[in-house]
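A.B. asks: Dumping the structure here so I can ask a few things about it.
The values are calculated or read from the model by the stated rules, or taken from the named source; none is laboratory data. A quick note: this is a predicted structure, and the numbers were derived from the prediction, not measured. Neighbour counts are summed over all protein chains in view; Cβ atoms, including those assigned to glycine, are modelled from backbone coordinates with ideal geometry.
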């Protein structure tokens, strides 16, 4: 198995770190000796005071913010809970989606997926849409373009809520699962990529100490 590259530190100050997590690396340790290598451990080897604030799925790449010390962790965690953190993702999904015809096919037009999500208990860690018991889950999305085959679509995603696997479940429910998604895509779509083509490319929030507006971008690796 090819070792996962080191997470790149995009920004660092005395209160926080912003890092680029590679696909294939856990955000935090899992159960078992084989699941201890993770972004948190690797960053803490360089910054001993680094603390987790939020997570990305192991298969997802892109930007994560880590706090330096408990006070910054509390402030950043409150910002996430209050939905004061702007997050945008890029994904390549199966099938051809078009920008809405009524808007002249303009890609700037955002649409919304509003489907409640719940843990699929018999099949954990999978999630499913459940209109009776699911938690409210809202995703904004828009078409950016198509790949060179013209058969798959590049989309930008903005999770308004932050449920586990939300973007992956919502795109599957839309009928356009993410390429390389080993959990939610059919085998033919999984086979189109060796990794999940989902990347956290944009992150914006207020600095926990100064209140300064911070914004970070991370190039899409696919």
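A.B. asks: Using beta carbons and a limit of 8 Å, which pairs, at least six apart or on different chains, have the first residue in segment 138-154 and at positive phi and outside any loop (DSSP other than H, G, I, E, B) and the second one crowded, with 18+ Cβ neighbours inside 10 Å and modelled with pLDDT of 95 or more?
C.D. replies: Once the first residue is at positive phi and outside any loop (DSSP other than H, G, I, E, B) and sits in segment 138-154, its partners that are crowded, with 18+ Cβ neighbours inside 10 Å and modelled with pLDDT of 95 or more give 145/153; 145/154.
Let's see how each residue does on (1) at pLDDT 95 or above; (2) part of a helix (DSSP H, G or I); (3) in contact with a helix residue (DSSP H, G or I) (Cβ under 7 Å, 6 or more places away or on another chain); (4) over 19 Å from residue 154 (Cα atoms):
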site	(1), (2), (3), (4)
169	yes, yes, no, no
176	yes, no, no, no
180	yes, no, yes, no
184	yes, no, yes, no
193	yes, no, no, no
199	yes, no, no, no
202	yes, no, no, no
208	yes, no, yes, yes
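A.B. asks: Moving on to the next point. Please work out which one of (1) closer than 30 Å to residue 73 by Cα; (2) surrounded by 15 or more Cβ atoms within 10 Å (Cβ to Cβ) is the condition residue 211 fails and give its number.
C.D. replies: Of everything listed in (1) closer than 30 Å to residue 73 by Cα; (2) surrounded by 15 or more Cβ atoms within 10 Å (Cβ to Cβ), residue 211 misses just condition (2).
A.B. asks: Which count do you get for residues in segment 30-47 that are over 18 Å from residue 66 (Cβ atoms) and either in contact (Cβ under 8 Å) with a residue 40 or more places away in the chain or over 23 Å from the mean Cα position of the chain (by Cα) (or both)?
C.D. replies: 3
A.B. asks: What are the residues in segment 127-137 that are without any contact (Cβ under 8 Å) to a residue 24 or more places away in the chain and surrounded by fewer than 16 Cβ atoms within 10 Å (Cβ to Cβ), if any?
C.D. replies: Result: 130, 131, 132, 133.
A.B. asks: Does residue 50 qualify as being without any contact (Cβ under 8 Å) to a residue 60 or more places away in the chain, in contact with a strand residue (DSSP E or B) (Cβ under 8 Å, 6 or more places away or on another chain) and more than 30 Å from residue 192 (Cβ to Cβ)?
C.D. replies: Yes; evaluated as a whole, the condition is true for this residue.
A.B. asks: Would you confirm whether or not segment 197-204 contains a residue that is surrounded by fewer than 17 Cβ atoms within 10 Å (Cβ to Cβ) and within 22 Å of residue 88 (Cβ to Cβ)?
C.D. replies: yes
A.B. asks: Touching a residue at least 40 places away in the same chain (Cβ under 8 Å), under 16 Å from the mean Cα position of the chain (by Cα) and over 14 Å from residue 90 (Cα atoms), is that true of residue 163?
C.D. replies: Considered against the rule, which asks whether it is touching a residue at least 40 places away in the same chain (Cβ under 8 Å), under 16 Å from the mean Cα position of the chain (by Cα) and over 14 Å from residue 90 (Cα atoms), residue 163 comes out as yes.
A.B. asks: Taking only pairs six or more apart or across chains, which ones have beta-carbon atoms under 6 Å, a first residue in segment 57-73 that is at negative phi and in contact (Cβ under 8 Å) with a residue 12 or more places away in the chain, and a second residue that is in a helix (DSSP H, G or I) and surrounded by 23 or more Cβ atoms within 10 Å (Cβ to Cβ)?
C.D. replies: 67/76
A.B. asks: Report, by residue number, each residue of segment 69-99 that is loosely packed, with under 14 Cβ neighbours inside 10 Å and at pLDDT below 95.
C.D. replies: 98
A.B. asks: A follow-up question, please. How about segment 112-126: which of its residues are out of contact with any helix residue (DSSP H, G or I) (no Cβ under 8 Å at 6 or more places or on another chain) and surrounded by 10 or more Cβ atoms within 10 Å (Cβ to Cβ)?
C.D. replies: Passing the criteria: 112, 114, 116, 118, 119, 120, 123, 125, 126.
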